Every structure is written in C-alpha cells, then in structure tokens.
Amino acid sequence: MKFAWIDLRTVPEAHWTAVIDAAVHSRIGVVTDDPSLLDDLPPTVTRVLLVDGPVDSPHLVTVAVHDQDQLDRLSSGSAFVTVRDDRTLKLACAAAERLDHTVVAFTDPTKIPLEIVIAAADGAPGKLVTVVADLVEAAIVLEVLEHGSDGVLMAPRDATDVFKLARLLEVTSPPLTLTTLTVEALAHNGLGDRVCVDTASHFREDEGILVGSFSSGFILCCSETHPLPYMPTRPFRVNAGALHSYVLGPANRTNYLSELRSGSKVLAVDADGRTRELTVGRAKLESRPMLTITARSPENVVVDLMVQDDWHVRVLAPGGKVRNVTELQPGDELLGYIASEQRHVGLPIGEFCKES
C-alpha cells in the first residue's frame with residue numbers, strides 16, 4: 001500500500017490545527033522537528049520526529065544522515081538523506097537497503113537518481129519515502145519504474161492539499177472478475193469505421209482492452225504484442241473495434257472509441273483480470289470491412305462486438321490464448337466482462353436501459 005506523510009516544518013503556524021486535523025482524518029503521517037506537535041496524535045497516524053542525531057522518543061525518529069559513518073551508527077530506524085551527487089546517491093541506496101524507513105530528497109529535477117534508489121531498495125524490507133514539491137510530482141513519484149516510491153513526503157499549503165494527497169493515494173486500479181463467453185454467431189457487415197487505440201505504454205502478451213457494442217458486456221481485445229506475418233509487432237496497439245463501441249476505462253467509466261484522443265485514459269486488462277491505467281497516445285480511425293462477434297455469458301448476457309474483418313485482429317480466450325477473429329467458430333470460448341450497471345454519458349447508473 002502506498003502512503004504519504006506531510007511535513008509541518010514549513011507550514012504556517014496559523015494552519016497547523018487544520019492541517020493536522022486533515023492528516024488525522026485521512027490517516028496521513030505527520031513529520032516535524034517539534035515533538036510536542038506529535039505527542040497528542042492518535043496511534044492511527046504515523047508520527048515522525050526529524051532530528052540531527054539519535055534520540056529517545058516514542059515517535060518514529062528519523063535522523064538526518066550526511067555520511068557513511070552516521071549511517072553505520074544507525075542499526076535500525078529511519079534516515080533522511082539529501083541526494084545532491086554520486087556520494088550521497090550511494091548513501092541513499094545503502095540506507096534504503098538496510099533501514100526500516102529511508103526518506104530521500106533530491107536536489108536535481110531528474111528522476112534518474114530516484115530510479116536508482118528504487119532499484120537498490122527492490123526486495124529490501126524497508127520503505128522508501130520521497131520528498132516531493134507538490135501533488136503533480138507526488139503522482140509521478142508514486143509510479144516511477146512502475147513500482148514507484150513506497151511513500152511521499154510533501155509540505156502542504158493548507159488542509160485542502162492534505163485531502164487532495166489522500167485522494168491521490170486512493171487512485172488504484174482494482175482487478176476485474178472476467179467471465180468466459182461462448183461464441184454464438186459471426187456476421188460479415190461490409191465497410192465500417194474501426195479504431196486502433198495506440199497507447200503510450202507497452203502491453204504485455206496477455207493484456208488488452210475491454211470493448212463491446214453494448215454497455216452490459218465486453219470482449220477482451222488482444223494487443224498487437226504477438227508476431228504477425230507481413231508486419232512488425234506493435235505492442236502499444238489494440239485494433240479495438242467499430243467507432244460506436246464502448247471501451248472500459250478507469251473508475252468503471254466507459255467512453256466510445258470515437259471519443260478517445262491523445263491523453264485519454266483506458267484500462268489495460270490481463271487474462272487474470274488484473275488492470276492498470278494507460279494513457280492513449282493516439283486513436284486511429286480508418287474504414288475497413290467489419291465483422292460482428294456475438295457471444296453469451298454463463299449468466300445468459302449477450303455480448304456483441306464489431307471488429308475489423310481481418311485475420312490479424314485478435315481477441316483473448318481463457319488462459320490468455322490468442323484467437324484470430326476470422327477463425328472463430330460458434331462454440332469457441334472468449335474472455336469477457338459483464339457489467340452490472342447501465343451507462344449514462346459513460347457513468348454507471350441503475351436505470352432500465354435496453355440495447356439491441
């Protein structure tokens with residue numbers, strides 16, 4: 001679980017009460033060099049005392065470390081390291097490998113030193129906390145190298161920043177429960193406009209995006225990560241379907257494929273239902289012959305998807321097996337997702353709606 005601490009040291013005293021109350025409400029840790037500000041905080045909040053040398057305290061003592069000798073004197077606990085050159089970068093890596101908590105501040109804007117510390121800490125039992133300037137940097141730091149820093153330390157301007165930081169930590173991509181669909185019919189439809197979704201990230205071999213003609217059900221469309229004759233792989237692309245189709249995105253929201261633009265978000269889904277948010281680099285619409293796949297779920301929900309009628313367009317079957325759409329037959333099994341809600345402007349809503 002990702003976490004956050006707030007740094008009270010630069011917060012104006014007039015805002016202390018509101019900021020601390022917001023941190024307690026959000027269960028965000030509090031960092032200060034004044035132990036009296038920590039003494040009355042509840043145990044649900046991590047209380048971090050930042051000092052220049054080891055002291056006895058009931059709080060999480062975090063010692064500012066400047067050289068290897070200081071680090072060697074810390075057999076456990078927490079350290080604060082400011083990385084400004086190669087020597088201090090090595091010091092931060094050594095701390096992250098051995099201590100319970102390592103707080104790291106970087107003087108340069110590049111994220112390469114952070115990537116090096118994250119790599120050094122990989123597999124270590126401790127937690128890495130990165131100092132960030134604002135909420136935008138916090139969002140970036142929490143995802144660096146896909147793993148990201150375990151936590152962030154930010155000095156809020158006021159209580160509103162604390163609540164925004166808490167919401168940032170809540171942004172996750174929960175897994176989906178996929179179902180096995182059985183193909184019932186295939187129909188050649190003639191020309192239509194289909195959309196290729198090109199993302200700014202590589203898909204894995206068993207990943208794709210969920211697309212469907214009806215908001216009640218989706219088929220897992222395969223990315224172009226697998227070799228094809230006559231053309232190179234494009235592991236960032238999904239040949240997704242006709243422009244009217246729904247595509248499932250983050251926060252259980254859908255978009256029409258025709259709505260996707262550079263910067264839009266889609267949900268990558270693997271054969272086990274694990275998900276992650278991806279950014280669209282572009283959406284490419286072209287006129288092509290179309291094929292409609294009609295399948296049914298064990299719950300008797302009909303799922304319909306119109307795709308380009310070509311051998312190189314593929315969907316995923318149970319176990320991550322890749323199936324070319326032009327070779328599908330009635331009775332074949334595909335992976336899909338059944339939605340429990342209808343949609344209004346892409347948002348789930350509990351109302352009666354019939355699509356056909």
Tally Lys/Arg at +1 and Asp/Glu at -1 over every other residue whose Cβ is under 15 Å from the Cβ of Gly192; what's the total? -2
Rg/Rh for the range 28-175, where both radii come from Cα atoms and Rh is the Kirkwood radius: 0.95
Roughly how many whole Å is it from the C-alpha centroid of the range 247-292 to that of the range 1-47? 40 Å
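Once you have the Cα-Cα distance between His188 and Thr17, take 0.36 nm times their residue separation minus that, and quote the gain in nm to one decimal.
54.9 nm
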Need the list of aspartates and glutamates near Lys111 for cross-linking: C-alpha distance under 20 angstrom, and skip anything on the same chain fewer than eight residues off. Asp85, Asp86, Glu97, Asp122, Asp134, Glu137, Glu143, Glu146, Asp150
In square angstrom, rounded to the nearest 10, how much accessible surface does Met306 have for a 1.4 Å probe? 50 Å²
Among Pro109, Pro175, Pro42, whose mean-square fluctuation peaks in a Gaussian network model of the chain (Cα, cutoff 10 Å)? Pro109
Neighbourhood net charge (13 Å Cβ-Cβ; Lys/Arg +1, Asp/Glu -1) for Arg157: -3
Taking the chain and counting helices only, DSSP H stretches of n ≥ 4 at -39,500 (n - 2.57) each over all residues, the nearest-500 ellipticity at 222 nm comes to -4500 deg cm²/dmol
Evaluate 2.2 N^0.38 Å with N set to the residue count of the range 179-348, then give the Cα radius of gyration divided by it. 0.92
Considering amide H positions built from the backbone, and no H for Pro or chain starts, which residues 5 or more places from Cys222, or on another chain, come under 5 Å of its amide H? Arg314, Val315, Leu316
Which ³J(HN,Hα) values in Hz, rounded to whole numbers, follow from the phi angles of the range 282-288 under the Karplus curve 6.51 cos²θ - 1.76 cosθ + 1.60, where θ = phi - 60° and Gly and Pro get x? 6, 10, 10, 9, 8, 7, 8
Surpassing 31 Å at the alpha-carbon level, of the pairs Lys90/Lys265; Lys2/Lys321; Lys127/Lys164; Lys2/Lys90; Lys127/Lys284, are Lys90/Lys265; Lys2/Lys321; Lys127/Lys284
For the pair Lys284 and Asp100, what calculated FRET efficiency results from E = 1/(1 + (r/R0)^6), where r is the Cβ-Cβ distance and R0 = 45 Å, to the nearest 0.05? 0.40
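Would you list Phe163, Phe214 from the most to the least accessible area, probe 1.4 Å?
Ranking Phe163, Phe214 by accessible area, largest first, yields Phe163, Phe214.
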With a 1.4 Å probe and all protein chains kept in place, how do Trp16, Trp311 rank by accessible area, largest first? Trp311, Trp16
From the phi of every residue in the range 50-66, what ³J(HN,Hα) in whole Hz does the Karplus formula 6.51 cos²θ - 1.76 cosθ + 1.60 yield, where θ is phi - 60° and glycine or proline is x? 9, 9, 8, x, x, 9, 7, 7, x, 8, 6, 7, 10, 9, 5, 10, 10
For Asp150, list long-range residues whose amide hydrogen, built 1.01 Å from N in the peptide plane, is under 5 Å from its own amide hydrogen. Leu128
From largest accessible area down, sort His188, His312; use a 1.4 Å probe on the protein chains. His188, His312
Give the span of the chain's Cα atoms along each principal axis, as three whole-Å numbers ordered largest to smallest. 75, 46, 32
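The values are calculated or read from the model by the stated rules, or taken from the named source; none is laboratory data. The shown structure was predicted, so the numbers you read here are calculated from the model rather than taken from an experiment. For neighbour counting, all protein chains shown are included, and Cβ atoms are generated from backbone atoms with ideal geometry for every residue, glycine included. Side chains included, ligands, DNA and RNA excluded: accessible areas come from the protein's heavy atoms. Shrake-Rupley method; radii C 1.70, N 1.55, O 1.52, S 1.80 Å.
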